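Data block below; observations after.
The values are calculated or read from the model by the stated rules, or taken from the named source; none is laboratory data. Just so it is clear, the model here is predicted, and its values are computed rather than measured. Cβ atoms come from the backbone with ideal geometry, glycine included; neighbour counts cover every protein chain shown.
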There are 2 protein chains.
Amino acid sequence: MDKYKRLKRELIHKGQIITFYEDHIELPNKNIAKWDFIEHKGAAAIVPVDEDGKIIMVRQYRNAIEKWSLEIPAGGLNPGEDMKTCAMRELEEETGYKSTKVEHLIDLYTTVAFCNERIGIYYTNELVPSNQNLDEDEFVTIERYTLEELVKFIFDGEIDDAKTISAILAYKTKMGL
Amino acid sequence: MDKYKRLKRELIHKGQIITFYEDHIELPNKNIAKWDFIEHKGAAAIVPVDEDGKIIMVRQYRNAIEKWSLEIPAGGLNPGEDMKTCAMRELEEETGYKSTKVEHLIDLYTTVAFCNERIGIYYTNELVPSNQNLDEDEFVTIERYTLEELVKFIFDGEIDDAKTISAILAYKTKMGL
């Protein structure tokens with residue numbers, strides 16, 4: 001079935017967190033197409049559930065969509081870091097909680113038409129207080145909601161970040177809630 | 001709360017389906033940051049359910065992730081096209097079915113850290129046969145699965161496209177299945 005052949009991958013621009021390439025692809029009908037390719041280092045995210053059953057969410061400004069977005073804690077992989085370690089680190093840095101037990105939920109690609117960004121998504125029901133440790137240029141506020149509230153936000157459009165929608169609905173399904 | 005200020009948006013490269021910009025942002029602490037921004041025209045997708053209750057899926061090669069990916073029918077907006085019209089058009093072009101009744105499910109942004117790609121996601125239970133009409137350079141095969149099979153694929157990792165995961169789990173939740 002694999003009748004696509006990459007003839008060339010040309011570097012166009014190295015950005016802050018992504019790199020733009022132009023790929024030259026030979027299609028199954030032998031036509032040559034130029035396709036955009038965005039290289040991303042990968043990321044991890046986590047659904048943190050507190051002792052009251054509420055999910056700890058972060059709200060932050062997202063320049064690309066020009067608004068404050070309500071999301072699960074997440075962040076890009078450090079060099080050499082595996083996804084689970086990254087999820088635990090971002091949890092602590094962004095929310096000020098550590099987890100003693102993190103479980104895998106799902107993995108996803110954010111936008112397969114042009115980007116290889118892959119996010120490993122985890123969940124935890126076992127949190128202990130630690131210290132929030134944001135980057136100097138990171139401004140995040142914490143909010144807590146029940147699963148039912150978050151599901152309502154998804155259908156109302158109050159939550160519209162794909163990794164957060166996928167994670168919340170996958171957690172709901174996995175837990176049979 | 002809105003203490004971010006965009007000082008400049010510099011065009012870096014206009015690709016085939018996306019455009020790369022470098023944004024200069026004044027942060028709440030008055031530091032200046034350079035952030036990547038990918039402009040995308042937007043897209044639409046649909047969960048098409050046939051008379052046997054099976055969901056019609058498309059499998060296609062995705063260069064960015066170097067594999068054949070199982071997804072719901074989807075595609076980019078044509079100039080001036082609204083999301084619902086786009087979803088109905090892509091349904092017919094990719095699967096060969098038309099819908100007489102399309103309902104809104106959710107909207108999402110695929111990757112909020114650097115891109116404004118927004119996808120409107122719909123569903124339909126009312127399909128009538130029409131004609132598949134792929135672009136010359138588009139190679140897509142059709143597969144049909146039950147909702148239960150697709151949910152299993154999400155947790156197994158056989159489905160890992162974010163719009164498809166969000167759409168299938170949102171459909172499951174909306175229908176109370």
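Just for the stretch A:18-54: of the residues that are closer than 30 Å to residue A:172 by Cβ and outside any strand (DSSP E or B), which one is farthest from the other protein chains (Cβ to nearest Cβ)?
A:51
Which of the residues spanning the stretch B:1-17 are under 21 Å from residue B:117 (Cβ atoms) and either facing another protein chain (nearest Cβ under 8 Å) or among the polar types (S, T, N, Q) (or both)? Please lay out each step first, then the result.
Residues of the stretch B:1-17 that are under 21 Å from residue B:117 (Cβ atoms), as a first pass: B:4, B:6, B:9-17.
Within the stretch B:1-17, B:4, B:6, B:12, B:13, B:15, B:16, B:17 meet the criteria.
Any residue at all in the stretch A:58-66 that's in contact with a Phe, Trp or Tyr (Cβ under 8 Å, 6 or more places away or on another chain), more than 17 Å from residue A:137 (Cβ to Cβ) and within 14 Å of another protein chain (Cβ to nearest Cβ)?
yes
Between a residue in the stretch A:92-110 that is touching a residue at least 40 places away in the same chain (Cβ under 8 Å) and surrounded by 17 or more Cβ atoms within 10 Å (Cβ to Cβ) and any residue that is in a loop (DSSP other than H, G, I, E, B) and of a type in the set (A, V, I, L, M, F, W, C), which pairs come within a Cβ distance under 8 Å, given they are 6 or more apart or on different chains?
If the second residue must be in a loop (DSSP other than H, G, I, E, B) and of a type in the set (A, V, I, L, M, F, W, C), the pairs left are A:93/A:134; A:94/A:134.
Determine if the stretch B:22-42 includes at least one residue that is modelled with pLDDT of 95 or more, within 14 Å of the chain's Cα centre (by Cα) and among the hydrophobic types (A, V, I, L, M, F, W, C).
No, the conditions are met nowhere in the stretch B:22-42.
How about the stretch A:1-17: which of its residues are assigned to a strand (DSSP E or B) and of a type outside the set (Lys, Arg)?
Matches in the stretch A:1-17: A:7, A:10, A:11, A:12, A:13.
Show me the strands (runs of 3 or more DSSP E) found entirely inside the stretch A:93-177 where at least 2 residues are under 15 Å from the mean Cα position of the chain (by Cα), more than 7 Å from chain B (Cβ to nearest Cβ) and over 19 Å from residue A:63 (Cα atoms). Before you say what the answer is, go through the steps one by one.
On the way: elements: A:97-109, A:118-129, A:140-145.
Fully inside the stretch A:93-177 and qualifying: A:97-109, A:118-129.
Go through the stretch B:128-161 and give me each residue that's farther than 29 Å from residue A:29 by Cα and buried (at least 20 other Cβ atoms within 10 Å of the Cβ).
Correct list: B:150, B:151, B:154.
Among the residues of the stretch B:67-92, write down those that are of a type in the set (A, V, I, L, M, F, W, C), closer than 15 Å to residue B:167 by Cα and in a strand (DSSP E or B).
B:70, B:74, listed by residue number.
So which residues in the stretch B:129-177 are among the hydrophobic types (A, V, I, L, M, F, W, C) and modelled with pLDDT under 95?
B:134, B:139, B:140, B:177
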